[in-house]
Amino acid sequence: MIATRIKLALALLLGTSCVTASAAEVAILRNGFTIRHEKRILIGNTTRLFLNTSDETSFIDVPTAEIERIEPDLSPPPAPDPAPAPSATPQAGVVASPARSLATANLPPAAHSTIGVSDAVSAASDRYRLDPDLVNSVIRAESGFNPHAVSRKGAQGLMQLMPETASKLGVPNAFDPEANVDGGTRYLRELLERYNFDLIKALAAYNAGTKRVEQYHGVPPYQETRHYVASIVRDFNRKKLAQQKAAKAAQAQISAKGKASEPTAQTKTSARPAGQGKTASATSATQTVAKRTNPPTGN
């Protein structure tokens with residue numbers, strides 16, 4: 001009888017734990033971004049955030065130290081989906097992803113600027129106050145840095161702008177790297193502002209459209225969109241971790257040089273008047289610091 005009660009208590013406890021683990025939560029990151037998730041597990045120094053418990057492949061790995069706090073998600077549950085399949089024609093304002101079979105445009109683009117992709121990203125990032133690493137991660141996911149990329153749905157260029165979207169953003173030629181990156185970065189900035197700098201929602205809207213994100217209060221249950229969001233966040237996090245390691249290595253090298261240049265007790269001093277010792281010259285060095293992605297201020 002006692003054993004039966006113990007088994008029943010354990011079953012109830014495990015049942016309660018499962019509900020708690022799968023309850024929707026929001027991870028608040030130190031860089032100001034938020035990630036809504038339905039389950040999380042700790043793997044070493046990394047926290048794996050699952051976007052949906054029904055799909056174990058839809059997750060984002062975040063360094064645990066970068067998570068400031070976890071809060072319950074108080075947003076209302078998503079409404080039933082009356083929409084057609086996600087492969088339907090994108091709505092106005094939707095930016096297609098490279099998962100839709102990117103190809104090369106048949107006709108050569110006209111009136112291209114001579115500016116390179118790196119310079120275009122740098123200029124647009126400064127103009128719209130976004131981290132260039134984030135813009136580069138989006139371009140990698142959208143087109144693989146192919147300025148002539150065209151999707152089956154007609155999205156064009158580096159940041160895969162649909163013609164109607166490009167028109168609204170004032171981009172006359174989506175195959176012009178400078179104009180395309182400027183328009184795509186501006187659109188991403190607008191989405192971040194719309195969702196209070198929730199990076200996950202902004203990326204989901206860039207891929208699936210704002211109506212779907214608002215319908216589901218987050219990433220829509222489309223495998224393509226979830227893979228798209230996760231791939232960009234992983235690529236962005238990888239860059240930031242690499243920058244942090246480089247900064248620590250540079251700091252350690254500077255510290256080692258500083259210690260090596262310090263005078264020791266065995267250092268001989270030259271003949272000088274009383275009260276004057278040998279002065280060690282100061283050495284300056286430039287340290288590369290990993291740039292953090294703080295939410296930009298309003299326009």
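FYI, it's all coordinate maths here, none of it is from the lab. Everything numeric in this text was worked out from a predicted model, so none of it was measured. Virtual Cβ from ideal backbone geometry, glycine too; neighbours counted across all protein chains shown.
Show which aspartates and glutamates lie in cross-link reach of Lys39 when reach means a straight Cα distance below 15 angstrom and same-chain residues fewer than eight apart are skipped.
Counting by Cα, and skipping residues close in sequence, Lys39 has these aspartates and glutamates nearby: Glu25, Asp55, Glu56, Asp61, Glu71, Asp73.
Nothing charged except the Cβ atoms of Lys and Arg (+1) and of Asp and Glu (-1): what's the magnitude of the dipole of region 132-205 about its Cα centre? Round to the nearest 20 debye. Walk me through the numbers on the way to the answer.
Values: 8 positive and 9 negative charges, 52 e Å.
About 240 debye.
Would you work out if region 128-275 is rounded, prolate or oblate? Take a ≥ b ≥ c from the square roots of the eigenvalues of the alpha-carbon gyration tensor; rounded if a/c is under 1.5, else prolate when a/b is larger than b/c, oblate otherwise. Please list the in-between numbers first.
Values: a/c = 3.56, a/b = 2.71, b/c = 1.31.
Prolate.
Using amide H atoms built in the peptide plane, which far-off residues or other-chain residues are under 5 Å from Lys39 H to H?
Phe50
Given +1 on the Cβ of Lys and Arg, -1 on the Cβ of Asp and Glu, and no further charges, what dipole in debye does region 111-240 carry about its Cα centre, rounded to the nearest 20? Each step should come with its number before you reach the end.
On the way: 17 positive and 15 negative charges, 87 e Å.
Around 420 debye, computed over region 111-240.
Taking a cut-off of 12 Å between Cα atoms, list the aspartates and glutamates near Lys239, but don't count ones fewer than 8 places away on the same chain.
Result set, ordered by chain and number: Asp131, Asp133.
Starting from 0.36 nm per residue, how many nanometres of slack lie between Asp73 and Ala247 once their C-alpha separation is accounted for?
Details: separation 174, 0.36 × 174 = 62.64 nm, distance 3.49 nm.
Gain on stretching Asp73 to Ala247: 59.1 nm.
Based on the mean of other Cβ atoms within 10 Å per residue, sort peptides 241-251, 211-221 so the most packed one is first. Could the numbers behind the result be given before it?
Details: 241-251: 13.5, 211-221: 20.5.
The packing order, highest mean first, is 211-221, 241-251.
How many angstrom lie between the C-alpha centres of region 161-178 and region 30-49?
First find each Cα centre; the distance between them is then 35 Å.
If R₀ is 41 angstrom, what is the calculated FRET efficiency for the pair Lys153 and Ala65, using the beta carbon separation as r and rounding to 0.05? Spell out each step's value before the answer.
Values: r = 40 Å, r/R0 = 0.97.
Rounded to the nearest 0.05, the efficiency is 0.55.
I need the semi-axes of the equivalent ellipsoid of region 116-194: take the C-alpha gyration tensor, multiply each eigenvalue by 5, square-root it, list largest first in whole angstrom.
After scaling each eigenvalue by five and taking roots: 17, 14, 11 Å.
Residue separation times 0.36 nm, minus the C-alpha to C-alpha distance between Arg234 and Asp119: what's the value? Could the numbers behind the result be given before it?
Details: separation 115, 0.36 × 115 = 41.40 nm, distance 2.35 nm.
Roughly 39.1 nm would be gained on extension.
Among the chymotrypsin sites (Phe, Trp or Tyr not before Pro) in region 142-204, which ones are in a DSSP loop with at most 14 other Cβ atoms within 10 Å of the Cβ? Mind listing them? Numbers along the way, then the final one.
On the way: sites: Phe145, Phe175, Tyr187, Tyr195, Phe197; in loops: Phe145, Phe175, Tyr195, Phe197.
Passing sites in region 142-204 are Phe145.
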